[in-house]
Amino acid sequence: MELNITCIPGDGIGPEIVREAKKVLDKTAECYGHQMKYTDILMGGASIDVHGVPLTDEAVETAKAADAVLMGSIGGNTTTSPWYKLPPDLRPEAGLLAIRKALNLFANLRPAVLYEELAGACPLKTEISSRGFDMLIMRELTGGLYFGERKTVEENGVRKATDTLVYDENEIRRIAVKGFDIARKRRKKVTSVDKANVLDSSRLWRSVVEEVAKDYPDVALEHMLVDNCAMQLVKDPAQFDVILTENMFGDILSDEASMVTGSIGMLASASLNDTKFGLYEPSHGSAPDIAGKDIANPIATVLSAAMMLRYTFDLDREADAIEKAVKEVLKEDYRTVDIMSEGCTQVSCSRMGDLLAEKICYSKRR
Ligand code: IPM
Ligand code: MG
């Protein structure tokens, strides 16, 4: 099979981690008889430096022409980087929001899993972490506060800013359907998170989710208020299977969930539209402080590449091989510095990529 992939190395550690993910993908292609075709585009600060804007129309067209996009990370230090002196719509993050919208990537899947080998890094009490957890946050990605009308005005010498949280029922329905579909393939439970005790948008959210649930009698649905969810994530994360929520709540809760795993450097994500197309990126940011030092953890990007093989290309065996390679390398106690613990062997970003790549064909042979 020919896999036509647009890569966005981006900023900070982005180029390093994408390089390692490609190394693992190339090895996978070699072992399983596929051809990888990569085309790089610029986005974020890297694009600002060359084109003066965080995303060009040409870059969007290139991405659209591919089967999938594999992204590293974008953005820099918000207090020191000159990119943050630009107007908000010309800053690195505007490129990310623009590509999500242009490609209609409304469904953002963020798994948060406690790896057995890394349980020691979990900041929760052992009595909680020992139960393990494996949840998936299904975050709506092209609506809500991120894309509602916003403005800052001055009235009678007083500055006033407005952001709008708007959803129509179709936007809610399509993400709910994705949430229930994926719950069906997992432990068949959806926790829909909202703020229905205050917000109209949440009350609509809740009623549309209820309607969709009728088509999934085999999936259990519960509603949870977002403030309570924030609490439950640290009190009893094992209770969650699929968390279904709007854009802003999902942004916040997914950072919390990833922190609870203790290893944000391990968490992948997928942003999907209604077709097989998807944009795959690690859940973590661009970590400008460690960029270029070859010490970043490439595993989240490698696992994002595995998600790409699974969701866009239906290559489950190949995705399994990558996920298995990650587990084996961890079992052999190799660690990048962010997940390092006593008695383990600390390795660089590129060495981690080599170790993972070495395991791929080995897993096929067995
Ligand atoms: C994320 C990030 C982005 C978001 C930023 C960089 C715009 O925090 O992907 O979670 O808020 O969606
Ligand atoms: Mg975020």
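Observations on the structure shown:
- Number of positions in segment 235-264 that are closer than 23 Å to ASN297 by Cβ and among the polar types (S, T, N, Q): 4
- Selection within segment 82-104 - surrounded by fewer than 20 Cβ atoms within 10 Å (Cβ to Cβ) and either under 26 Å from PHE180 (Cβ atoms) or without any contact (Cβ under 8 Å) to a residue 24 or more places away in the chain (or both): PRO82, TYR84, LYS85, PRO87, PRO88, ASP89, LYS101, ASN104
- Looking only at segment 196-207, residues that are crowded, with 21+ Cβ neighbours inside 10 Å and touching a helix residue (DSSP H, G or I) at 6+ places or on another chain (Cβ under 7 Å) come to 1 in all.
- Of the residues making up segment 99-111, at least one is in contact with a Leu (Cβ under 8 Å, 6 or more places away or on another chain) and of a type in the set (Val, Ile, Thr).
- Qualifying position, being at negative phi, at pLDDT below 95 and not hydrophobic (A, V, I, L, M, F, W, C), among LYS185, LYS214, LYS195: LYS185
- Residues satisfying the stated conditions in segment 153-162, i.e. exposed (fewer than 10 other Cβ atoms within 10 Å of the Cβ) and within 22 Å of ALA98 (Cα to Cα): ALA161
- Among residues of segment 242-278 being of a type in the set (A, V, I, L, M) and within 22 Å of LYS64 (Cβ to Cβ), the one that is nearest to ligand 2 (Cβ to nearest atom) is ALA270.
- For segment 247-339, the helices (runs of 4 or more DSSP H) that sit wholly inside it and include 3 or more residues that are out of contact with any strand residue (DSSP E or B) (no Cβ under 8 Å at 6 or more places or on another chain) and surrounded by fewer than 20 Cβ atoms within 10 Å (Cβ to Cβ) are 247-261, 316-331.
- Here VAL153 meets the list (1) assigned to a helix (DSSP H, G or I); (2) modelled with pLDDT of 95 or more; (3) over 23 Å from SER304 (Cβ atoms) almost entirely, failing just condition (1).
For (1) within 14 Å of ligand 1 (Cβ to nearest atom); (2) within 30 Å of THR80 (Cα to Cα); (3) not assigned by TED's automatic domain parsing to the domain that holds GLN232, each residue gets a yes or a no:
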| site | (1), (2), (3) |
| --- | --- |
| SER271 | yes, yes, yes |
| ALA296 | no, yes, yes |
| TYR311 | no, no, yes |
| GLU328 | no, no, yes |
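- Tabulated pairs, segment 243-263, first under 13 Å from HIS284 (Cβ atoms) and assigned by TED's automatic domain parsing to the domain that holds ASP200, second within 10 Å of ligand 2 (Cβ to nearest atom) and not polar (S, T, N, Q), C-beta under 6 angstrom, 6+ apart or interchain: SER254/ARG110
- Within segment 209-219, tally of residues that are assigned to a loop (DSSP other than H, G, I, E, B) and touching a residue at least 12 places away in the same chain (Cβ under 8 Å): 4
- Residue match in segment 28-36 (condition: at pLDDT 95 or above, more than 22 Å from SER269 (Cβ to Cβ) and of a type in the set (S, T, N, Q)): yes
- Breaking point among (1) part of a strand (DSSP E or B); (2) within 16 Å of ligand 1 (Cβ to nearest atom), for GLU222: (2)
- The residue that is nearest to ligand 2 (Cβ to nearest atom), among those in segment 232-241 that are free of Cβ contacts under 8 Å to residues at least 60 places away in the same chain and not hydrophobic (A, V, I, L, M, F, W, C), is GLN232.
- Out of PHE277, PHE249, one residue alone is within 22 Å of ASP181 (Cβ to Cβ), more than 12 Å from ligand 1 (Cβ to nearest atom) and either touching a helix residue (DSSP H, G or I) at 6+ places or on another chain (Cβ under 9 Å) or of a type in the set (A, V, I, L, M, F, W, C) (or both). It is PHE277.
The values are calculated or read from the model by the stated rules, or taken from the named source; none is laboratory data. Note that the structure is a prediction, hence the values are computed from the model and not measured. Ideal geometry is used to build each Cβ from the backbone, glycine not excepted, and the neighbour counts take in all protein chains shown.
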